[in-house]
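Novice: Pasting in a structure now, in structure tokens, and then I'll have a few things to ask.
The values are calculated or read from the model by the stated rules, or taken from the named source; none is laboratory data. Being a predicted model, the structure only gives us computed values, none of them experimental. Cβ coordinates were reconstructed from backbone atoms using ideal geometry, including for glycine residues, and neighbour counts include every protein chain displayed. Protein only, heavy atoms only, side chains kept; ligands, DNA and RNA dropped before computing areas. Shrake-Rupley method; radii C 1.70, N 1.55, O 1.52, S 1.80 Å.
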Amino acid sequence: MSILLIVGLGNPGVEYEQTRHNAGFWFLDNLENGSSGGRWQKEGKFSALAAKTKINGTDVWLMKPQTFMNRSGLAVGAIARFFKIAPDEILVVHDELDIPPGTAKLKRSGSTGGHNGLKDIAAALGTQDFWRLRIGIGHPRSQNNKAPVIDYVLQRPRREDQDSIDDAIGRAMQVIPMLCNGEFDKAMKELHTVR
């Protein structure tokens, strides 16, 4: 088993590009820029932007759903069925309120934690048994921000938080080759070890 599809979650449109909810898109943009593969192409049958690349000799699809966040399952389900990609060969990269900026965590299956994009993907795949790369954006309460969660995730991070998120994305990118080799325990140990 190895990762064959990496999905970054976000909302399409320039008004959302710099918002916390688009951390999954930021990750995929960094990964695609550093890969030796195709460039983003609009794939209407998947309702997504997609690029095929090679990571450690493995063909891997990169995908940014172009539905809004709460309909991400439409795109993920379509590409998974078309290419016969199993749920445990899928990595979904998304923003995570419950961990601070500067932190990235990897896990397989479990609760969707109220994340509407994950809920929709789990419904489309018929299981929660897919991999998640959680990019910490912090919770408004921990930031002394009185905004409701729905508004907070659709705001730009503070400069220092953006720098921390970018650092976490950089560290998480380093474990992608391990995930595409099926070295899941090694990738988790590497990513979760505090330096």
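Novice: Mind telling me which of the residues Gln143, Gln155 ends up being polar (S, T, N, Q), farther than 22 Å from Thr53 by Cβ and in contact with a Phe, Trp or Tyr (Cβ under 9 Å, 6 or more places away or on another chain)? Write out each step before concluding.
Specialist: Values: Gln155 fails: in contact with a Phe, Trp or Tyr (Cβ under 9 Å, 6 or more places away or on another chain).
Residue meeting the stated conditions: Gln143.
Novice: Also: Given the residues Ala124, Ala187, Ala147, Ala104, which is the only one that is open to solvent by less than 60 Å² (accessible area, probe 1.4 Å), over 17 Å from Gly24 (Cβ atoms) and at pLDDT 95 or above? Break it down into steps so the answer makes sense when it comes.
Specialist: On the way: Ala124 fails: over 17 Å from Gly24 (Cβ atoms); Ala147 fails: at pLDDT 95 or above; Ala104 fails: over 17 Å from Gly24 (Cβ atoms).
Being open to solvent by less than 60 Å² (accessible area, probe 1.4 Å), over 17 Å from Gly24 (Cβ atoms) and at pLDDT 95 or above holds for just one of Ala124, Ala187, Ala147, Ala104, which is Ala187.
Novice: How many residues does the range 162-174 contain that are buried (at least 18 other Cβ atoms within 10 Å of the Cβ) and more than 16 Å from Gly24 (Cβ to Cβ)?
Specialist: 1
Novice: Given the criteria of a type in the set (Gly, Ala, Ser) and out of contact with any strand residue (DSSP E or B) (no Cβ under 9 Å at 6 or more places or on another chain), does Gly110 qualify?
Specialist: The answer is no for Gly110.
Novice: Right, next: Count, please, the residues in the range 94-144 that happen to be in contact with a Lys or Arg (Cβ under 8 Å, 6 or more places away or on another chain) and in a strand (DSSP E or B).
Specialist: Summing the residues that are in contact with a Lys or Arg (Cβ under 8 Å, 6 or more places away or on another chain) and in a strand (DSSP E or B) in the range 94-144 gives 13.
Novice: Moving to a separate point now. Those residues that are touching a strand residue (DSSP E or B) at 6+ places or on another chain (Cβ under 6 Å) and of a type outside the set (D, E, K, R), I need them from the range 122-142; list them, please. Step through it out loud before you land on a result.
Specialist: Start the filter on the range 122-142 by keeping residues that are touching a strand residue (DSSP E or B) at 6+ places or on another chain (Cβ under 6 Å), which leaves 130-137.
Once the filter is applied, which keeps residues that are touching a strand residue (DSSP E or B) at 6+ places or on another chain (Cβ under 6 Å) and of a type outside the set (D, E, K, R), the range 122-142 yields Phe130, Trp131, Leu133, Ile135, Gly136, Ile137.
Novice: Same structure again: Determine if the range 51-61 includes at least one residue that is touching a residue at least 24 places away in the same chain (Cβ under 8 Å), in a loop (DSSP other than H, G, I, E, B) and surrounded by fewer than 18 Cβ atoms within 10 Å (Cβ to Cβ). Write out each step before concluding.
Specialist: First pass over the range 51-61, keeping only residues touching a residue at least 24 places away in the same chain (Cβ under 8 Å): 55-56, 58-61.
Then keep just the ones that are in a loop (DSSP other than H, G, I, E, B); that gives 56.
Imposing the further condition that a residue be surrounded by fewer than 18 Cβ atoms within 10 Å (Cβ to Cβ) reduces the set to 56.
Yes, the conditions are met somewhere in the range 51-61.
Novice: Here is a further query. Would you check if there is a residue in the range 112-120 being open to solvent by 50 Å² or more (accessible area, probe 1.4 Å), more than 22 Å from Arg71 (Cβ to Cβ) and free of Cβ contacts under 8 Å to residues at least 60 places away in the same chain?
Specialist: Looking through the range 112-120, none of the residues is open to solvent by 50 Å² or more (accessible area, probe 1.4 Å), more than 22 Å from Arg71 (Cβ to Cβ) and free of Cβ contacts under 8 Å to residues at least 60 places away in the same chain.
Novice: Could you tell me whether the range 40-49 includes any residue that is modelled with pLDDT under 95 and within 23 Å of Glu183 (Cβ to Cβ)?
Specialist: no
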